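Enquirer: Sharing a structure here in structure tokens format.
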Ligand code: SF4
């Protein structure tokens, strides 16, 4: 009986340690990257994760973070910008993540966040932005504007602002679904 008690106490102590370690890691990720408040439930920065895939839109993507905020899911994408201006390509890339979340998690996404070296911008995922994204994807795929890939660098495609519509992207090659 005493032995069983010791085993039980050991298991509880071990579980508590794991919980505290996990919580510590999560908080560290947040503070290092100055994330908005919310629970991280998926990150691509510190460990590889599977891509979000939509067969319907022939779309694939890997947001840097997904956050749970007030019961909803929002994507967060980190970027660098020398001139401090928000890039159109970055907005469309973020919009593609919003669309992927809606497809994969079956819930509406109100906005995403672009983080330029700690300066955060909430980008509303409006119907207008969604339509613009779909138009750009259509044009890239159907009007002969397809970029030709001249490298085998997966990371380059992963960080490319046009990976949401690029049929040459190595993200597609890796996942082979869309
Ligand atoms: S996704 Fe890859 S292949 Fe396509 S434009 Fe970007 S870097 Fe080039």
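Enquirer: Tally up the residues in the stretch 99-124 that are within 25 Å of residue 83 (Cβ to Cβ) and in contact (Cβ under 8 Å) with a residue 12 or more places away in the chain, please.
Expert: Counting residues in the stretch 99-124 that are within 25 Å of residue 83 (Cβ to Cβ) and in contact (Cβ under 8 Å) with a residue 12 or more places away in the chain gives 13.
Enquirer: Out of all the residues in the stretch 105-116, is one or more under 22 Å from residue 58 (Cβ atoms), more than 16 Å from the ligand (Cβ to nearest atom) and surrounded by 16 or more Cβ atoms within 10 Å (Cβ to Cβ)?
Expert: yes
Enquirer: For the subset of the stretch 151-169 comprising residues that are surrounded by fewer than 12 Cβ atoms within 10 Å (Cβ to Cβ) and more than 8 Å from the ligand (Cβ to nearest atom), which member is modelled with the highest pLDDT?
Expert: The extreme case among them is 152.
Enquirer: Quick test for you: out of 123, 172, 86, pick the one residue that is within 16 Å of the ligand (Cβ to nearest atom) and touching a strand residue (DSSP E or B) at 6+ places or on another chain (Cβ under 7 Å). Outline the logic, then answer.
Expert: Values: 123 fails: within 16 Å of the ligand (Cβ to nearest atom); 86 fails: within 16 Å of the ligand (Cβ to nearest atom).
Result of the check over 123, 172, 86: 172.
Enquirer: Return the pairs, sorted by first residue and then second, in which the second residue is within 8 Å of the ligand (Cβ to nearest atom) and part of a helix (DSSP H, G or I), the first residue lies in the stretch 149-161 and is under 21 Å from residue 115 (Cβ atoms), the beta carbons are less than 6 Å apart, and the residues are 6+ apart or on different chains.
Expert: Short answer, once both residue conditions are applied: 157/170; 157/171.
Enquirer: What is the residue count in the stretch 87-104 for residues that are within 19 Å of residue 72 (Cα to Cα) and either outside the structural domain of residue 166 (by TED's automatic domain parsing) or more than 13 Å from the chain's Cα centre (by Cα) (or both)?
Expert: Residues that pass the stated criteria total 1.
The values are calculated or read from the model by the stated rules, or taken from the named source; none is laboratory data. These figures come from a predicted structure and were not determined experimentally. Note that each Cβ is placed from the backbone with ideal geometry, even for glycine, and that neighbours are counted across all protein chains shown.
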